[in-house]
1. For the stretch 112-218, which whole percent of the accessible surface, found with a 1.4 angstrom probe, sits on carbon and sulfur atoms?
2. So if I take the alpha carbon set of the stretch 48-101, get Rg, then get Rh from the Kirkwood formula, what is the Rg over Rh ratio?
3. Rg/Rh for the stretch 101-189: what does it come to with C-alpha atoms and Rh from Kirkwood?
4. Note the full-extension length gain between Asn151 and Glu167 as 0.36 nm times their separation in residues minus their Cα-Cα distance, in nm to one decimal.
5. How would the stretch 36-131 be classified by its alpha-carbon gyration tensor: rounded, prolate or oblate, with rounded meaning a/c under 1.5 and the a/b versus b/c comparison settling the rest?
6. So what's Rg/Rh here for the chain, counting alpha carbon atoms and using the Kirkwood radius for Rh?
7. Sorted by average packing, counted as other Cβ atoms within 10 angstrom per residue and highest first, what order do 182-190, 35-43 take?
8. With +1 on the Cβ of every Lys and Arg and -1 on the Cβ of every Asp and Glu, and nothing else charged, how large is the dipole of the stretch 87-140 about its Cα centre, in debye rounded to the nearest 20?
Amino acid sequence: MTWTDQAWQHIQPLYSNILAMPFIEQLKNGTLPLDKFQFYMQQDARYLEHYGRVLAYLGSKTGDNDQALDFFDFGKNALIVERALHESYFSQFGIHEDSDTADLEPICHHYVHFLKSTAAFDPLEVAMAAVLPCFVIYKEVGDYIIATQTNQANPYKNWIDTYSGPEFAIGVQKAENYVNAMAENTTEAIRAQMLEAYVKASRMEFKFWEAAYNKTAW
Ligand SMILES: Cc1ncc(CO)c(N)n1
């Protein structure tokens, strides 16, 4: 079994908890209160601008040029999605532009700085494993919502489509392949650290949606 399959199996209980979250259930049904989505959107825009930089930085740290190019693309795409949030979703959902300067709320702040410090101080394999749940969980949640939704007039449909399309799936597969190759060529001790980082990031994905649902501020 590949490293990413093992890691994904490892977080199944957590993933089930994510699917059962009111945020995800109501996003799927289109009944998520607007103020919770606005909070999420605003924090996610801030998240993406940091996350995109982390991906490009990891690209710059790998000696493999294909991997570097792909991670530069991933980083660029994160900033393109961030821009799309501003250019369409912010106005569509009534979010003020000045929320650009909105504080990173505690969970977003913690997640961003966890990724940045892992990228800066931990082995590259561990940092690559830390960014993977951002890909995999969004893809799985996007696919799950598309497969199970019943409300064709869901106001959040376009946003959901961002993460359920084939283009995103191709990127996820590429990222997983790189992590599997790195896992195969490293030590048991590093693989254990990789799993720990993957689990931590997955918990923060849960916490990020939970914080949006509760509008958790400092
Ligand atoms: C918090 C978070 N994780 C992952 C993604 C997907 O890139 C996102 N948009 N936001």
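The values are calculated or read from the model by the stated rules, or taken from the named source; none is laboratory data. Just so it is clear, the model here is predicted, and its values are computed rather than measured. Counting neighbours? That spans all protein chains shown, and the Cβs are built from the backbone with ideal geometry, glycine included. Keep in mind that these areas ignore ligands, DNA and RNA; they rest on the heavy atoms of the full protein, side chains included. Shrake-Rupley method; radii C 1.70, N 1.55, O 1.52, S 1.80 Å.
1. 56 percent
2. 1.16
3. Radius of gyration relative to Kirkwood radius: 1.07.
4. 3.4 nm
5. Oblate, since a/c reaches 1.5 and b/c is not below a/b.
6. On the way: Rg = 16.8 Å, Rh = 17.6 Å.
Rg/Rh for the chain comes to 0.95.
7. By packing density, highest mean first, the sequence is 35-43, 182-190.
8. Numbers: 2 positive and 9 negative charges, 53 e Å.
Around 260 debye, computed over the stretch 87-140.
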